[in-house]
Amino acid sequence: MAIKLDLFLITLAVILSPVLSDLIFSKVDRRIDLTSQIVRISSTIRVENEGTDVVSEVLLIFPEEQAKYLSHIQATSNEGKGKAKGSAINFPVNVVYPKEMPPTLKFYSVSLPKGLNKGDGLTFDVFAVFTHVLSPFPETITQADVQFVLFLDTAYFLSPYTVKVQSLSVKLPEARIESYTKLENTKIHGSEIKYGPYENVPPYSFTLIRFHFENNQPFPVAQELVREIEVSHWGSVQITEHYNLVNGGAQNKGGFSRFDYQTRPFARGASAFSKLVAKLPPRTHSVYYRDEIGNISTSHLWGNLRKTDLEIEPRYPMFGGWRTSFTIGYSLPLQDFLFQDQGKRFLNISFGSPINEVVIDRLIVRVVLPEGSSDFSVSVPLSHKQWHEKKISHLDIDGRPVVVLEKENVVPEHNQHFQVYYKFNSISMLREPIMLIFGFFVLFVSCIIYMHSDMSISKSSPSYLAKLQWDEVQTVIQQVQNIINRCLTIHDKLDASLRDLSRTGDVQACKAARKAADASLKELSKELKSLLSFLQSAQQATQILPKVEELVAKERDLQERLVVKHTTVVDCYEKKFGGREIENRVAPQQQRITTLRQEVDDLLEFIDEI
């Protein structure tokens with residue numbers, strides 16, 4: 001999203017804004033870095049006091065539309081020559097609201113280490129970081145297009161004080177510059193544009209400059225990042241990071257061709273990114289990279305004694321507006337990050353994301369302390385929100401205390417170390433082993449008691465007797481089913497003897513088959529009669545008995561009709577009747593036989609399901 005600078009409001013603010021003190025900026029060198037999605041502005045300022053009063057603060061100004069994207073601002077001393085790196089002193093910077101100032105300007109106060117007397121001067125550096133101020137222009141592009149962005153700012157250093165001498169240097173990517181604002185004393189050297197020097201610039205001077213240039217650098221934006229840092233006194237610090245990532249560049253329009261992207265990625269996907277690099281601490285181990293689907297194998301890990309680099313690739317190239325969610329997890333040696341001081345333990349670990357040049361709209365850091373921790377406090381060198389929670393995990397009783405830190409608009413400059421102090425009694429470490437030992441002891445004792453106990457139901461109880469009777473009923477019903485199935489098999493043999501008769505004409509063989517069938521059916525009928533008598537006397541068979549009796553009756557009816565059919569066919573063959581005449585005589589019986597056979601099969605299936 002671009003900075004929409006309202007020239008009318010800025011001009012009105014300049015007219016209405018008074019000069020705040022007798023300070024002047026004798027020299028200002030400003031440098032704007034536009035080589036990535038994050039805009040970094042460095043200013044070296046020489047301030048002098050021309051008044052009589054002692055001055056202990058210096059005011060800085062940003063337009064309100066630009067200040068709301070300000071992620072980080074820092075003021076440091078810049079005195080002396082040949083000073084060692086890191087020896088600069090940080091000056092406190094706070095938002096202030098001077099009286100009679102227009103709302104279109106936002107003021108920041110830099111507190112000086114000591115007041116400036118008349119004629120005194122001080123040189124200091126101001127470093128400001130902005131996000132979401134590079135606006136894609138055009139806002140939508142195709143896969144084959146390169147990405148152009150637009151940046152707006154002022155050529156003059158916006159200040160409530162007179163600036164004697166100032167200059168501006170704008171560093172652009174090594175790419176095509178579509179257009180830029182040309183003013184007096186403007187020079188371009190490759191990808192760097194210089195403005196000035198300009199002398200005796202009045203307070204609140206403002207001149208809009210515009211840069212339209214190609215920028216195909218990755219624009220990864222984590223709309224939300226949740227970092228969970230879990231401390232275990234058993235030897236490790238487990239870190240889990242959940243990312244909701246989007247490409248904040250120009251929106252992709254039209255179709256996507258993976259073939260074109262893979263064959264010519266720099267021409268057919270110049271604005272997309274396919275990999276990210278996370279700078280992890282040295283001696284990192286147990287690294288994993290996954291999403292909702294599962295583990296993602298497209299990652300590479302390199303490490304030595306000084307660093308560990310994790311290169312991850314999403315499942316698809318990230319074009320403008322495309323989103324993805326994934327999780328990174330890794331473990332760190334406890335002795336590298338947990339220390340003791342004045343009877344307290346403290347965790348010293350980094351705050352932000354380890355991924356290079358990612359902008360985080362909302363960062364939540366959850367520090368999970370061991371159960372039993374108390375009297376905890378946090379030291380964070382950044383403005384943030386803070387609250388406490390509880391986390392219940394395995395073998396926990398009261399839960400583990402969780403310190404939650406939240407910050408918006410986070411950039412790599414926020415990846416500073418913070419400390420979490422707490423008290424912890426080492427005896428509390430024995431809580432979980434004792435619980436495990438006690439749990440296994442109870443389990444083994446329970447198994448021993450179970451193995452030596454008679455858990456069976458009393459044989460004289462009504463429920464046990466009812467179960468026995470029901471088991472007997474089930475056995476008898478299965479026997480009835482087996483007898484009926486044997487009867488049906490004999491029926492099939494009678495039908496087979498009739499087919500043989502029609503093929504061979506051997507009447508005597510057919511009568512012999514009939515005689516054998518009658519004998520078998522008679523024996524089965526006797527067995528069936530005793531089983532039915534048992535079911536009729538059993539109370540547990542009350543519900544199923546009607547179906548069993550119906551099955552037996554249907555089978556007997558079927559048996560009788562098959563005997564009549566068999567007798568009719570044999571008589572017809574003995575009287576030398578023709579085939580047509582025989583079919584006409586048995587047709588009524590055959591239709592009923594077919595219906596009865598189907599009904600018997602259905603009853604068998606119903607009883608089997610019960």
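If I go through region 566-577 residue by residue, how many of them are assigned to a helix (DSSP H, G or I) and exposed (fewer than 11 other Cβ atoms within 10 Å of the Cβ)?
1
Only one residue in Arg514, Arg580 is open to solvent by 80 Å² or more (accessible area, probe 1.4 Å) and more than 60 Å from the chain's Cα centre (by Cα), so which one is that?
Arg580
What are the residues in region 86-100 that are open to solvent by 30 Å² or more (accessible area, probe 1.4 Å) and either in contact with a Pro (Cβ under 7 Å, 6 or more places away or on another chain) or not in a loop (DSSP other than H, G, I, E, B) (or both), if any?
Of everything in region 86-100, those that are open to solvent by 30 Å² or more (accessible area, probe 1.4 Å) and either in contact with a Pro (Cβ under 7 Å, 6 or more places away or on another chain) or not in a loop (DSSP other than H, G, I, E, B) (or both) turn out to be Ile89, Asn90, Val93, Asn94, Val95, Val96, Glu100.
Residue under question is Gln559, and the condition is that it be buried (at least 17 other Cβ atoms within 10 Å of the Cβ) and outside any loop (DSSP other than H, G, I, E, B); does it hold? Don't jump to the end; show me each part of the working.
Numbers: buried (at least 17 other Cβ atoms within 10 Å of the Cβ): yes; outside any loop (DSSP other than H, G, I, E, B): yes.
Yes; evaluated as a whole, the condition is true for this residue.
Quick grid of which residues meet (1) modelled with pLDDT of 95 or more; (2) touching a Ser or Thr at 6+ places or on another chain (Cβ under 6 Å); (3) outside the structural domain of Gln340 (by the TED database); (4) hydrophobic (A, V, I, L, M, F, W, C):
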{"site": "Glu228", "(1), (2), (3), (4)": "yes, yes, no, no"}
{"site": "Ser236", "(1), (2), (3), (4)": "no, yes, no, no"}
{"site": "Tyr243", "(1), (2), (3), (4)": "yes, no, no, no"}
{"site": "Asn247", "(1), (2), (3), (4)": "no, no, no, no"}
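Of the residues in region 341-376, how many are open to solvent by 50 Å² or more (accessible area, probe 1.4 Å) and more than 29 Å from the chain's Cα centre (by Cα)?
Residues flagged as open to solvent by 50 Å² or more (accessible area, probe 1.4 Å) and more than 29 Å from the chain's Cα centre (by Cα) within region 341-376 amount to 6.
Answer with yes or no whether Arg268 is assigned to a loop (DSSP other than H, G, I, E, B), at positive phi and in contact (Cβ under 8 Å) with a residue 40 or more places away in the chain. Steps first, please.
On the way: assigned to a loop (DSSP other than H, G, I, E, B): yes; at positive phi: no; in contact (Cβ under 8 Å) with a residue 40 or more places away in the chain: yes.
Judged against the criteria, Arg268 is not a match.
Please return the ranges of strands (runs of 3 or more DSSP E) entirely within region 371-435 where 2 or more residues are in contact (Cβ under 8 Å) with a residue 60 or more places away in the chain.
Passing ranges, in order: 400-410, 417-423.
Listed residues Pro138, Pro103, Pro113; which is open to solvent by 50 Å² or more (accessible area, probe 1.4 Å), in the same structural domain as Ile193 (by the TED database) and either outside any loop (DSSP other than H, G, I, E, B) or of a type in the set (Asp, Glu) (or both)? First the steps, then the outcome.
Numbers: Pro138 fails: either outside any loop (DSSP other than H, G, I, E, B) or of a type in the set (Asp, Glu) (or both); Pro103 fails: either outside any loop (DSSP other than H, G, I, E, B) or of a type in the set (Asp, Glu) (or both).
The conditions single out Pro113.
Does Phe206 qualify as being surrounded by 15 or more Cβ atoms within 10 Å (Cβ to Cβ) and part of a strand (DSSP E or B)?
Answer is no for this residue.
Would you pick out the residues in region 160-178 that are under 19 Å from Asn200 (Cα atoms) and open to solvent by 40 Å² or more (accessible area, probe 1.4 Å)?
Passing the criteria: Thr162, Lys164, Val165.
If you take the residues in region 393-435 that are hydroxyl-bearing (Ser, Thr, Tyr) and open to solvent by less than 60 Å² (accessible area, probe 1.4 Å), which one is farthest from Leu225 (Cα to Cα)? Walk me through how you get there before you give the answer.
Applying the first criterion (hydroxyl-bearing (Ser, Thr, Tyr)) to region 393-435 yields 393, 421-422, 426, 428.
Then drop every residue that is not open to solvent by less than 60 Å² (accessible area, probe 1.4 Å), which leaves 393, 422, 428.
On the way: Ser393: 22, Tyr422: 25, Ser428: 32 Å.
The selected residue is Ser428.
Is it true that some residue in region 333-340 is free of Cβ contacts under 8 Å to residues at least 60 places away in the same chain, assigned to a loop (DSSP other than H, G, I, E, B), over 26 Å from Val287 (Cβ atoms) and open to solvent by 10 Å² or more (accessible area, probe 1.4 Å)?
No, region 333-340 contains no residue that is free of Cβ contacts under 8 Å to residues at least 60 places away in the same chain, assigned to a loop (DSSP other than H, G, I, E, B), over 26 Å from Val287 (Cβ atoms) and open to solvent by 10 Å² or more (accessible area, probe 1.4 Å).
Taking Gly82 as the residue in question, decide whether it is in a loop (DSSP other than H, G, I, E, B), open to solvent by less than 20 Å² (accessible area, probe 1.4 Å) and at pLDDT below 90.
no
If Phe157 meets every condition in (1) under 42 Å from the mean Cα position of the chain (by Cα); (2) closer than 17 Å to Arg40 by Cα; (3) surrounded by 16 or more Cβ atoms within 10 Å (Cβ to Cβ) apart from one, which number is that one?
(1) is the only condition that Phe157 fails.
Does Asp601 meet the test of being assigned by the TED database to the domain that holds Lys467, free of Cβ contacts under 8 Å to residues at least 12 places away in the same chain, in contact with an Asp or Glu (Cβ under 8 Å, 6 or more places away or on another chain) and open to solvent by 40 Å² or more (accessible area, probe 1.4 Å)?
no
Applying the selection to region 52-72, what residues are assigned to a strand (DSSP E or B) and more than 34 Å from the chain's Cα centre (by Cα)?
Taking region 52-72 and keeping what is assigned to a strand (DSSP E or B), we get 55-63, 70-72.
Listed by number, the residues that qualify are Val55, Ser56, Glu57, Val58, Leu59, Leu60, Ile61, Phe62, Pro63.
State which residue pairs qualify: first residue closer than 19 Å to Val201 by Cβ and open to solvent by less than 20 Å² (accessible area, probe 1.4 Å) and inside region 20-45, second residue aromatic (Phe, Trp, Tyr) and outside any strand (DSSP E or B) in any location, beta carbons under 6 Å apart, and separation of 6 or more residues or different chains.
That search, which allows pairs on different chains as well, returns Leu23/Tyr161; Ile24/Tyr161; Phe25/Tyr161; Val28/Phe157; Arg30/Phe157.
In region 278-324, what residues are more than 29 Å from Gly254 (Cβ to Cβ), among the aliphatic types (A, V, I, L, M) and either surrounded by 15 or more Cβ atoms within 10 Å (Cβ to Cβ) or outside the structural domain of Ala250 (by the TED database) (or both)?
Selection gives Ala278, Leu280, Val287, Leu301, Leu310.
Going by the structure shown, is Ser537 of a type in the set (Gly, Ala, Ser), modelled with pLDDT under 85, over 60 Å from the mean Cα position of the chain (by Cα) and surrounded by fewer than 14 Cβ atoms within 10 Å (Cβ to Cβ)? Reasoning before the result, please.
Details: of a type in the set (Gly, Ala, Ser): yes; modelled with pLDDT under 85: yes; over 60 Å from the mean Cα position of the chain (by Cα): yes; surrounded by fewer than 14 Cβ atoms within 10 Å (Cβ to Cβ): yes.
Yes, satisfied.
The values are calculated or read from the model by the stated rules, or taken from the named source; none is laboratory data. Quantities reported herein were computed from a predicted structural model and do not represent experimental measurements. When we count neighbours, we look across all protein chains shown, and the Cβ atoms used for this are built from the backbone with ideal geometry, even at glycine. The area values use the complete protein model at the heavy-atom level, side chains included, leaving out ligands, DNA and RNA. Shrake-Rupley method; radii C 1.70, N 1.55, O 1.52, S 1.80 Å.
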